[in-house]
1. Restricting attention to the stretch B:24-68, report how many residues are aliphatic (A, V, I, L, M) and part of a loop (DSSP other than H, G, I, E, B).
2. Go through the stretch B:17-29 and give me each residue that's within 23 Å of B:Ala153 (Cα to Cα) and within 15 Å of DNA strand C (Cβ to nearest atom).
3. Identify, from the list A:Ala62, A:Ala34, A:Ala53, the residue that is of a type in the set (A, V, I, L, M) and more than 28 Å from B:Asn152 (Cβ to Cβ).
4. So B:Pro95 fits all but one of (1) under 25 Å from A:Ile58 (Cα atoms); (2) surrounded by 15 or more Cβ atoms within 10 Å (Cβ to Cβ); (3) modelled with pLDDT of 95 or more; what number is the exception?
5. Can you name the condition, by its number, that A:Ser160 falls short on among (1) closer than 23 Å to B:Leu64 by Cβ; (2) in contact with an Asp or Glu (Cβ under 9 Å, 6 or more places away or on another chain); (3) modelled with pLDDT of 95 or more?
6. Of all the residues that make up the stretch A:14-28, how many are surrounded by 21 or more Cβ atoms within 10 Å (Cβ to Cβ) and over 20 Å from the mean Cα position of the chain (by Cα)?
7. Assuming A:Pro105 fulfils every condition listed in (1) touching a helix residue (DSSP H, G or I) at 6+ places or on another chain (Cβ under 7 Å); (2) within 11 Å of chain B (Cβ to nearest Cβ); (3) closer than 30 Å to A:Ser143 by Cα apart from one, which condition is it?
8. Taking A:Asp85, is it more than 9 Å from chain B (Cβ to nearest Cβ) and closer than 23 Å to B:Ala70 by Cα?
There are 2 protein chains.
Amino acid sequence: MASLTLDDLDLRILGVLQTDASISNLELSRRVHASAPTCLRRVRVLREAGIIARQIAIIDAAKLGPTLRAIVEVSLDRQAAEDYDAFEAYICEEPAVTQCYRVSPGPDFVVIAEVPDMAAYDELARRLFKSAANIRNVRTFFSTRCAKFEANAPVHAKASR
Amino acid sequence: MASLTLDDLDLRILGVLQTDASISNLELSRRVHASAPTCLRRVRVLREAGIIARQIAIIDAAKLGPTLRAIVEVSLDRQAAEDYDAFEAYICEEPAVTQCYRVSPGPDFVVIAEVPDMAAYDELARRLFKSAANIRNVRTFFSTRCAKFEANAPVHAKASR
DNA sequence: GCTGAAATCACACATTA
DNA sequence: TAATGTGTGATTTCAGC
């Protein structure tokens, strides 16, 4: 499937929605200087193409109670392709895990998890990294302060193809 | 300011919106088994309280062109409170930087940046980490595969206060 | 939680490049 | 031919009760 060519209007739409998707289609059309039906069509196409993957509400977790983020570097013991896949599938099922990246060089994965406190992390780590086989090494940092959080870099910084 | 007490309905609303905020208020009301006006009021309160921080569209960056994520551990040279703040403010201004966490133990910060390719990362790193003073050490991993990405862990996993 | 007015959405159609 | 702009009905939002 050929990646459909995005024009400047598409990029402007993406640029607006990636920072604020709470606005109405009418408001969107005003911001990108296009008509409402045009915006509606563009957004639908972008969504069907999977370029707009999904639309979510970001929640300020700290306001719901104590929050501890753990950033974990994981190295596997055996490193065949199926071992990577297996770890990935396994770890992604865990609700507390919010992000998982396959990386190189260094460790095999970087995992970010969100838990209430250190006790909860200990329980999580015990469950994910100890009982699960095929873990060679785990290195954990903790963070209670997230200075910046974006799902994507601004699209206008990217090329149009 | 006292954190307002969230009841079960609030948590159900947050639970839905944090995975899919593209739905209408009417659809939301159906999913959480409440009336539409009630949902509308709750969502407004949650938004004004900052519990719903914002609503965004997540874009599949890979569909817009080649994408390379860099996960960077940064250690500062001087580590006074104002040095931390200065680095944070400086790095957050960079559009390519999508996430920045202050961590412990280990490095002082974990930074995630999104660039088209290695050349762009090199340019970014040169700009952010070399010319900027007060950097002791930088350790970078690259990732082209993000197995999981959520802004938050599911709210239903958290306590109601 | 329900009802009604106002706004918005979403579609079919005519139009233009 | 394909995409944009105009007009209409249905739906939704959001106020007061």
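The values are calculated or read from the model by the stated rules, or taken from the named source; none is laboratory data. Quick caveat: nothing in here was measured; it's all calculated off a predicted structure. Heads up, the Cβs are rebuilt from the backbone with ideal geometry, glycines too, and the neighbour counts pull from every protein chain shown.
1. Our first condition is that a residue be aliphatic (A, V, I, L, M); within the stretch B:24-68, this holds for B:26, B:28, B:32, B:34, B:36, B:40, B:43, B:45-46, B:49, B:51-53, B:56-59, B:61-62, B:64, B:68.
Checking which are part of a loop (DSSP other than H, G, I, E, B) leaves us with B:32, B:34, B:49, B:51.
Total meeting the criteria: 4.
2. Narrowing the stretch B:17-29 to residues within 23 Å of B:Ala153 (Cα to Cα): B:17-25, B:27-29.
Across the stretch B:17-29, the qualifying residues are B:Asp20, B:Ala21, B:Ser22, B:Ile23, B:Ser24, B:Asn25, B:Glu27, B:Leu28, B:Ser29.
3. Numbers: A:Ala62 fails: more than 28 Å from B:Asn152 (Cβ to Cβ); A:Ala53 fails: more than 28 Å from B:Asn152 (Cβ to Cβ).
The conditions single out A:Ala34.
4. For B:Pro95, the failing item is (2).
5. Here A:Ser160 clears every test but (3).
6. Of the residues in that region, 1 qualify.
7. Unmet condition: (1).
8. Numbers: more than 9 Å from chain B (Cβ to nearest Cβ): yes; closer than 23 Å to B:Ala70 by Cα: yes.
Yes: the conditions hold for A:Asp85.
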